[in-house]
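J.: My structure is below; once you've seen it, I'll send some questions.
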Amino acid sequence: MQLTGAEALIKSLEQQGVDTVFGLPGGAILPVYDPLLDSSIRHILVRHEQGAGHMAEGYAMATGRPGVAMVTSGPGATNIVTPIGNAHMDSTPLVVITGQVATGSIGTDAFQECDITGITMGITKHNFLVQSAQEIPRAVAAAFHLATTGRPGPVLIDVPKDVTQSMMDWWYPSTIEEYDLPGYRPEIALDEDAVNRAVALIATSQRPVLYVGGGTLKSNAANELLAFAERTGMPVVTTLMARGAFPDSHGQHLGMPGMHGVYTAVTALQRADLLISLGARFDDRVTGKISAFAAGAKIIHVDIDRAEFNKVRHADVALQSNVGAALRAFDAAGAMPASMDAWWREIRSWQETYPLVYDEPTLEGPLRPQHVIASIAEKAEPGTIVTSGVGQHQMWAAQFWDFEEPRTWINSGGAGTMGFGVPAAIGAKVGRPERTVWCIDGDGCFQMTAQELVTARSEGIPIKVAILNNAYLGMVRQWQEMFYDERYSEVYLSADLPDYVKWAEAMGCVGLRATNLKEMDDVIDEANKINDVPVVIDFRTDSSEKVFPMVASGASNDDIIVHPSQQGRAR
Amino acid sequence: MSPEPFLGTTSHTPVRHHILSVLVENKAGVLARIAGLFARRGFNIYSLAVAPAESHARFSRVTIVVDAESAPLEQIVGQLDKLVNVVAITDLAPVDAVERELLLATIQTNTANRTSLLDTLANAGAAIVDVDPGAVTVMLAGTPASCDQLERALESFSDVELHRTGRVALPRLGEAAPQ
């Protein structure tokens with residue numbers, strides 16, 4: 001069967017089971033948009049290519065299936081660089097297809113030419129510049145294989161216009177050998193010796209902590225984690241990327257560690273004699289000053305990526321494995337710590353002294369941002385998916401929304417990409433249409449990517465967006481207040497400019513506003529009743545609110561700053 | 001592991017160096033991927049030599065001398081191994097490797113320096129590969145240390161243009177030296 005390269009590309013995506021592509025056409029990718037008309041694949045037409053990338057990320061994080069985005073060459077390609085970098089930092093499986101100028105024009109500074117494979121070399125797991133139509137099926141199959149196996153990540157396929165316009169004999173690789181990836185071996189046998197050494201370390205531990213990272217979600221190991229944690233009785237912390245991997249309601253869950261982590265989670269890591277790191281990478285936002293991090297702890301480091309071992313912290317036992325297989329091996333070997341009675345007594349006393357708290361809201365407002373999040377969470381149905389942008393609102397959402405199941409918390413962790421929330425929510429809703437999707441956003445973040453609400457309305461994707469509008473770039477404001485003598489430099493945004501309600505309405509959404517407690521309750525109820533169009537709520541929150549606890553940048557986690565109402569309590 | 005015995009320091013031979021013999025797919029941009037990885041992770045490359053590998057047109061062999069002080073070797077190898085086009089990495093400690101390098105130098109000659117130049121070349125085992133009335137081009141294929149020695153010896157001559165290829169290496173035959 002003779003096909004054009006463009007037809008082969010769409011047919012290859014169909015072969016991979018792709019149901020949705022997020023994208024925006026342009027000159028170099030034009031040929032591919034023609035056969036798309038005849039395909040079963042749903043295309044979501046975005047308003048900016050960055051939106052397509054973050055939507056694909058939200059889709060991938062909500063479903064566990066790779067997200068797919070397609071854009072044109074030049075600025076189309078560079079506009080999607082931020083989502084690619086974001087997906088690279090957070091190991092999100094993504095396949096990004098970019099149009100490229102015709103092969104004969106490459107290197108001539110042709111119209112809308114850019115070296116996107118060069119630009120994304122350091123922020124993709126791999127990328128391809130496809131040289132002939134005949135190679136398209138192989139490139140697509142290999143891209144999906146690379147994106148989804150081993151440590152997942154973004155893969156980019158750059159397709160010149162003459163390649164998509166020329167003819168090929170249809171074929172599709174049926175075996176991994178045909179992918180032509182001689183250097184890629186994601187499957188590794190479990191190192192039995194390392195398992196045994198880990199089990200021996202666990203047996204001598206009296207103060208262990210399960211340090212659960214995003215790799216636990218990526219490897220779909222939540223069930224194994226629950227079984228292992230319950231059998232051994234160990235305390236669990238879940239990082240920002242792992243929220244939802246272990247139920248927040250579980251008695252063994254201490255919450256999120258890190259710069260804005262729960263006091264008990266941070267301190268348990270500090271005082272532990274053993275950390276079992278499960279798909280986590282000792283990120284600086286978790287460890288604080290690395291030389292002072294968990295100084296008395298031995299480390300069992302489980303990761304699918306061996307380059308994570310000893311990168312930041314020496315591993316006493318390094319076990320290259322996906323999290324689920326490692327936990328099953330630990331269970332099979334009967335791994336069990338020594339008595340943890342004293343450890344749990346200590347942990348419980350921290351929990352009593354330093355719970356997560358915020359100041360009581362006043363009836364007349366301004367609203368407490370933490371209270372707004374807790375109120376939305378309280379009225380949300382179980383299984384609601386939450387996305388966020390980056391900043392104070394993100395930390396509060398991670399702190400005050402209780403996550404009970406995997407893939408219900410979607411945020412930008414490693415890259416810290418402002419504007420991630422709205423498009424990620426759209427992608428998540430496309431992937432899980434039966435779920436309610438809330439985006440907890442900040443006013444600064446919202447302004448970066450809000451145009452995608454036009455996409456949401458026109459494509460019938462009814463997400464709910466809560467803007468915690470404190471009129472500031474709040475996290476930067478917090479740092480300037482605490483560390484720059486309250487010298488506020490370029491952080492004021494205004495609560496009224498833009499008018500978020502009018503803006504929402506102009507984009508075809510329902511726009512609501514709440515300035516006091518009564519209005520807050522009413523608008524949340526109203527938003528929950530709307531299931532056909534996107535809703536945007538402008539919550540007027542207190543600008544002076546800060547995220548606590550906090551570990552200052554570069555400080556030791558021992559020097560955690562607790563909420564002002566808790567300061568001075570005996571530790 | 002014991003460091004290679006060597007004389008003095010030059011920019012060509014770091015104190016703690018390792019040789020990575022890296023088999024890669026012979027595809028466009030592979031060298032850029034390797035160089036880019038080293039640059040963005042802050043790993044230092046001392047020398048780099050690339051050539052088609054054995055009889056396979058499909059693969060190339062890249063010999064990289066890395067500074068094991070700039071980053072732990074485990075980290076360099078682990079990150080390099082993640083490059084999809086990297087097929088295999090052999091890490092050669094200097095003591096376990098046979099290393100060779102090629103040095104070419106053009107030296108301006110005159111009646112005053114000719115005798116001492118010829119002595120220097122004879123001592124180093126270097127060969128003259130090109131001559132004209134005012135200059136000679138010489139070549140030395142030898143260990144990196146012998147190339148270092150010749151380079152230092154040539155410093156006493158003015159007007160020297162010198163090129164080195166960077167080393168290639170293969171595992172030493174027989175039992176590996178004790179680590």
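J.: So which of A:244, A:215 ends up being of a type outside the set (A, V, I, L, M), open to solvent by less than 30 Å² (accessible area, probe 1.4 Å) and assigned to a helix (DSSP H, G or I)?
T.: On inspection, the qualifying residue turns out to be A:215.
J.: Now a separate question. Consider the range A:149-208. How many of its residues are of a type in the set (Phe, Trp, Tyr) and buried (at least 20 other Cβ atoms within 10 Å of the Cβ)?
T.: 1
J.: Anything in the range A:269-325 that is in contact with a strand residue (DSSP E or B) (Cβ under 7 Å, 6 or more places away or on another chain), within 14 Å of another protein chain (Cβ to nearest Cβ), open to solvent by less than 20 Å² (accessible area, probe 1.4 Å) and of a type in the set (Gly, Ala, Ser)? List them, or say none.
T.: A:315
J.: Further, regarding this structure: Pairs, please: C-beta under 8 Å, at least 6 apart or cross-chain, first residue in contact (Cβ under 8 Å) with a residue 60 or more places away in the chain and part of a strand (DSSP E or B) and in the range B:158-169, second open to solvent by less than 70 Å² (accessible area, probe 1.4 Å) and among the β-branched types (Val, Ile, Thr)?
T.: As it stands, the answer is B:168/B:63; B:169/B:19; B:169/B:63; B:169/B:98, since those pairs meet every condition given.
J.: Still on this model: Taking the range A:158-177 as the region of interest, how many residues are without any contact (Cβ under 8 Å) to a residue 60 or more places away in the chain and either in a helix (DSSP H, G or I) or touching a Gly at 6+ places or on another chain (Cβ under 9 Å) (or both)?
T.: 2
J.: Being surrounded by fewer than 16 Cβ atoms within 10 Å (Cβ to Cβ) and among the small types (Gly, Ala, Ser) is the filter here; which residues of the range A:334-347 pass it?
T.: The answer is A:334, A:338, A:339, A:342.
J.: Would you mention how many residues in the range B:54-68 are under 13 Å from residue B:23 (Cβ atoms) and either under 13 Å from the mean Cα position of the chain (by Cα) or assigned to a strand (DSSP E or B) (or both)?
T.: Number of matching residues: 6.
J.: So, residue A:530, is that one among the β-branched types (Val, Ile, Thr) and surrounded by fewer than 16 Cβ atoms within 10 Å (Cβ to Cβ) or not?
T.: Yes, satisfied.
J.: Sticking with this one: From the list A:6, A:62, A:52, A:28, pick out the single residue that is over 21 Å from residue A:461 (Cα atoms) and in contact with a strand residue (DSSP E or B) (Cβ under 7 Å, 6 or more places away or on another chain).
T.: On the way: A:6 fails: in contact with a strand residue (DSSP E or B) (Cβ under 7 Å, 6 or more places away or on another chain); A:62 fails: over 21 Å from residue A:461 (Cα atoms); A:52 fails: over 21 Å from residue A:461 (Cα atoms).
So the residue among A:6, A:62, A:52, A:28 that is over 21 Å from residue A:461 (Cα atoms) and in contact with a strand residue (DSSP E or B) (Cβ under 7 Å, 6 or more places away or on another chain) is A:28.
J.: Name the residue that is farthest from residue B:102 (Cα to Cα), counting only residues in the range B:13-24 that are more than 10 Å from chain A (Cβ to nearest Cβ) and of a type outside the set (Val, Ile, Thr).
T.: Among residues in the range B:13-24 that are more than 10 Å from chain A (Cβ to nearest Cβ) and of a type outside the set (Val, Ile, Thr), the one farthest from residue B:102 (Cα to Cα) is B:16.
J.: On to the next question. Looking only at residues that are within 7 Å of chain A (Cβ to nearest Cβ) and open to solvent by less than 20 Å² (accessible area, probe 1.4 Å) in the range B:76-94, which one is nearest to the chain's Cα centre (by Cα)?
T.: This residue is B:86.
J.: Residue check, residue A:135 against (1) within 15 Å of residue A:92 (Cα to Cα); (2) open to solvent by 40 Å² or more (accessible area, probe 1.4 Å); (3) part of a helix (DSSP H, G or I), all met but one. Which one?
T.: Condition not satisfied by residue A:135: (1).
J.: Looking at A:476, A:465, A:547, A:536, can you tell me which residue is within 25 Å of the chain's Cα centre (by Cα), under 18 Å from residue A:393 (Cβ atoms) and open to solvent by 30 Å² or more (accessible area, probe 1.4 Å)? Break it down into steps so the answer makes sense when it comes.
T.: Details: A:465 fails: open to solvent by 30 Å² or more (accessible area, probe 1.4 Å); A:547 fails: open to solvent by 30 Å² or more (accessible area, probe 1.4 Å); A:536 fails: open to solvent by 30 Å² or more (accessible area, probe 1.4 Å).
On inspection, the qualifying residue turns out to be A:476.
J.: Pick from the range B:25-74 the residues that are within 16 Å of residue B:169 (Cβ to Cβ), within 14 Å of chain A (Cβ to nearest Cβ) and not polar (S, T, N, Q): which of them is most open to solvent (accessible area, probe 1.4 Å)? Let's see the steps before the verdict.
T.: Restricting attention to the range B:25-74, the residues satisfying the condition of being within 16 Å of residue B:169 (Cβ to Cβ) are B:45-51, B:53-54, B:60-68, B:73.
Imposing the further condition that a residue be within 14 Å of chain A (Cβ to nearest Cβ) reduces the set to B:53, B:60-62, B:68, B:73.
Okay, now just the ones that are also not polar (S, T, N, Q), so B:53, B:61-62, B:68, B:73.
Values: B:53: 2, B:61: 59, B:62: 2, B:68: 7, B:73: 34 Å².
Within the range B:25-74, the match that is most open to solvent (accessible area, probe 1.4 Å) is B:61.
J.: Same structure again: In the range A:503-516, is there at least one residue being open to solvent by less than 60 Å² (accessible area, probe 1.4 Å), over 21 Å from residue A:450 (Cα atoms) and in contact (Cβ under 8 Å) with a residue 40 or more places away in the chain? It would help to see each step written out before you state the result.
T.: First, the residues of the range A:503-516 that are open to solvent by less than 60 Å² (accessible area, probe 1.4 Å): A:504, A:507-512, A:514-516.
Those left that are additionally over 21 Å from residue A:450 (Cα atoms): A:515-516.
Subsequent filtering for residues that are in contact (Cβ under 8 Å) with a residue 40 or more places away in the chain retains A:515-516.
The answer is yes; a qualifying residue exists.
J.: Pick from B:81, B:119, B:130, B:148: which is acidic (Asp, Glu) and either part of a loop (DSSP other than H, G, I, E, B) or in the same structural domain as residue B:60 (by TED's automatic domain parsing) (or both)?
T.: B:81
J.: To continue, here is another question. How do the helices (runs of 4 or more DSSP H) wholly within the range A:30-94 filter down when requiring 3 or more residues that are open to solvent by less than 10 Å² (accessible area, probe 1.4 Å): which remain?
T.: Working: elements: A:30-36, A:49-63, A:75-79, A:81-89.
Once the helices (runs of 4 or more DSSP H) in the range A:30-94 are filtered for at least 3 residues that are open to solvent by less than 10 Å² (accessible area, probe 1.4 Å), what remains is A:49-63, A:81-89.
The values are calculated or read from the model by the stated rules, or taken from the named source; none is laboratory data. Note that the structure is a prediction, hence the values are computed from the model and not measured. Reconstructed Cβ throughout: ideal geometry from the backbone, glycine too, with neighbour counts over all protein chains shown. Note: areas computed on protein heavy atoms with side chains; ligands, DNA, RNA excluded. Shrake-Rupley method; radii C 1.70, N 1.55, O 1.52, S 1.80 Å.
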